[in-house]
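Peer 1: Below you will find the structure I want to go over with you.
Read the figures in this text as sums done on the coordinates, not as results from a lab. Here the structure is a predicted model, which means the values were calculated and not measured. Cβ placement follows ideal geometry from the backbone for every residue including glycine, while neighbour counts extend to all protein chains displayed.
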Amino acid sequence: MSTPLYAALSRPGPASFFNFTFLPKYATYFVNGVLNTLLLSIFSVLLAVIPALLLALMRLSKNRLIRGISGAYIAVFRSTPMLVQLSIIYFGLFNAIKIPNIVIFGFLRLNQFIPFVVALSLNSSAYVAEIFRAGILAVDSGQMEAARSLGLSQWQGMRLIVLPQAIKNILPALANEVVTMVKESSICSSYGCMELMWAAKTTAGATMISLGPYVLIAAIYFAINYPASKAIEAVERRMRRGDKQ
Amino acid sequence: MIELRDVSKVYQIGEERVRALDHASLHVRPHEFVSVIGPSGSGKSTLMNIIGCLDTADAGEYLLDGTPIEAYTENELARVRNIKIGFVFQSFNLISKLSAEENVELPLIYQGVRTSERRERVRQALAKVGLEHRSKHLPTELSGGQQQRVAIARALVTRPSLILADEPTGNLDSHTGGEIMDMFAELHEQGNTIVLITHDNDIARRAKRVVHILDGRLTEVTL
């Protein structure tokens with residue numbers, strides 16, 4: 001590997017695009033970073049599912065007050081920057097609640113993980129609620145009419161007839177929300193969550209190689225999200241085909 | 001059977017208050033075949049929802065089989081719908097993931113009828129509408145007329161005291177619609193009580209008695 005090309009690319013210099021000479025020493029930062037980013041995004045969206053379903057059902061309620069509460073929550077979280085929400089939750093909520101400094105699985109530091117999962121999932125709830133609402137509304141209203149006419153209550157009709165049919169519309173959008181979260185979670189680096197963006201920032205600071213680490217994580221983010229969204233598209237296409245028969 | 005006394009229902013649509021039913025009174029005796037005719041926006045659907053216990057009135061009294069239903073909770077109303085009323089809708093409203101026989105079986109499952117008896121009653125109901133040979137098909141594999149016949153079988157299978165049909169021929173061509181109306185006439189001859197809601201004079205005329213609805217008010221007519 002001592003060709004002139006390699007030498008040119010890896011020559012130490014602050015702005016060298018392909019300067020990855022930091023890797024031997026800092027590789028574990030990036031490996032843990034990937035794990036943290038993935039866990040953060042998946043957990044956040046999974047945790048968001050139940051409150052989001054609740055918010056969506058409230059949004060579809062006949063009661064004005066219930067509809068209003070849910071609408072206000074969604075509006076606030078969708079209309080303020082994620083970094084601001086994160087700051088308020090991090091310094092507000094988790095100033096009051098202290099998470100113990102425990103490391104699990106060898107890389108997951110709880111007090112640098114739980115506050116971020118909570119913040120991301122509160123944010124994600126608002127978006128996932130809209131996904132649920134759209135999925136429920138996409139089910140023909142005649143299905144609820146039929147369910148009720150056969151002797152189901154409103155709630156039973158929702159649970160037994162409408163929601164199972166709505167899942168098909170919801171799942172691909174939910175998977176896309178995870179993809180979005182993989183990117184959005186980079187914001188948690190601001191408060192020391194040791195995910196991918198934090199790995200790059202810290203490496204850049206320590207080695208004075210200011211470009212290479214970011215080029216590397218850009219490639220990693222892409223390598224996670226592009227195949228994931230292609231896979232989701234494929235599954236979606238297949239489900240649609242199953243519909244027509 | 002059905003006794004509506006001075007029933008009113010007001011809807012709030014945005015800023016506007018819509019009086020969907022305005023002191024409507026209607027008496028339907030057992031074994032009667034009544035059609036309610038009116039243009040769109042006349043309060044037809046509201047009347048159907050109230051008679052069908054899908055919604056309750058703001059004012060007035062509604063007795064179904066002699067029992068006032070205003071005081072019922074949502075769960076009690078669901079039970080009344082399951083036991084007393086068989087619905088037939090314009091757009092059939094079959095559950096799309098279930099086969100014809102599973103759709104017909106559904107109300108019996110909610111009633112807690114035993115499996116062996118369920119099978120037998122589903123078979124009979126599908127035979128009555130002439131679809132026993134298509135029982136395993138999904139709604140998407142059936143024509144509109146066939147789907148409506150499955151819906152009629154589903155309405156009949158619980159042996160309801162009332163069959164409530166909302167524009168049952170609205171999504172069908174006139175020939176198929178005629179066949180469905182023949183089926184209702186036959187059901188009436190067998191002793192079923194039928195209330196049929198429509199905007200079509202020719203369809204309404206098939207009933208022995210016609211009630212006109214306009215701006216939420218009901219009047220008896222002779223066609």
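Peer 1: Could you tell me how many degrees, from 0 to 90 and to the nearest 10, lie between the Cα long axis of helix A:196-207 and the main elongation axis, the longest principal axis, of the Cα atoms of chain A?
Peer 2: Taking the Cα atoms of chain A, the angle to A:196-207 is about 20 degrees.
Peer 1: Helix A:114-137 versus the longest principal axis of chain A: what is the Cα-based angle in degrees, 0 to 90, to the nearest 10?
Peer 2: With both axes taken from Cα atoms, the answer is about 40 degrees.
Peer 1: Right, here's the next one. What distance in nm separates the two pseudo spin-label positions at A:ILE66 and A:LYS230, each 7 Å out from Cα along the beta-carbon direction?
Peer 2: The two pseudo-label positions are separated by 4.5 nm.
Peer 1: Then there is this: Roughly how many whole Å is it from the C-alpha centroid of region A:37-76 to that of region B:129-196?
Peer 2: Cα centroid to Cα centroid, the span is 41 Å.
Peer 1: When the chain is fully extended, how far beyond the present Cα-Cα distance does B:HIS23 get from B:ASN171, taking 0.36 nm per residue of separation?
Peer 2: Full extension from B:HIS23 to B:ASN171 adds 50.2 nm.
Peer 1: Bin width 10 Å, origin at 0, all Cα-Cα pairs of the protein assembly as shown: what percent of pairs per bin?
Peer 2: 4, 16, 21, 18, 13, 11, 9, 6, 3, 1, 0
Peer 1: Okay, next question. Sticking with the crude label model, points 7 Å out along Cα→Cβ, report the distance from A:ALA27 to A:ARG240 in nm, one decimal please.
Peer 2: 4.2
Peer 1: Here's a follow-up. Using only the Cα atoms of chain A, build the gyration tensor, take square roots of its eigenvalues as a ≥ b ≥ c, and label the shape rounded, prolate or oblate: rounded if a/c is under 1.5, else prolate if a/b is larger than b/c, else oblate.
Peer 2: prolate
Peer 1: Sort A:ILE69, A:ILE74 so that the residue with the fewest other Cβ atoms within 10 Å of its own Cβ comes first and the one with the most comes last.
Peer 2: Neighbour counts put them in this order, fewest first: A:ILE69, A:ILE74.
Peer 1: Taking the 0 to 90 degree range and rounding to the nearest ten, how far is the long axis of helix A:23-59 tilted relative to the main principal axis of chain A, both from C-alpha atoms?
Peer 2: 10
Peer 1: Return the FRET efficiency for the residue pair A:VAL103, B:TYR72: r is the Cβ-Cβ distance, R0 is 41 Å, and the value is rounded to the nearest 0.05.
Peer 2: FRET efficiency, A:VAL103 to B:TYR72: 0.10.
Peer 1: Hey, got the Cα dimensions of chain B along the principal axes, in Å, largest first?
Peer 2: 48, 39, 37
Peer 1: For A:ALA234, what is the net charge nearby, where nearby means another residue's Cβ is under 13 Å from its Cβ and Lys, Arg count +1, Asp, Glu -1?
Peer 2: So the environment of A:ALA234 carries a net charge of +3.
Peer 1: With label points built 7 Å along Cα→Cβ from the Cα atoms of A:ILE42 and B:SER96, find their separation and express it in nm.
Peer 2: 3.2
Peer 1: Here's something else I'd like to know. Could you pull out every one of the aspartates and glutamates with an alpha carbon less than 15 Å from that of A:LYS230, ignoring same-chain neighbours closer than 8 positions?
Peer 2: Excluding near neighbours in sequence, the set is A:GLU177.
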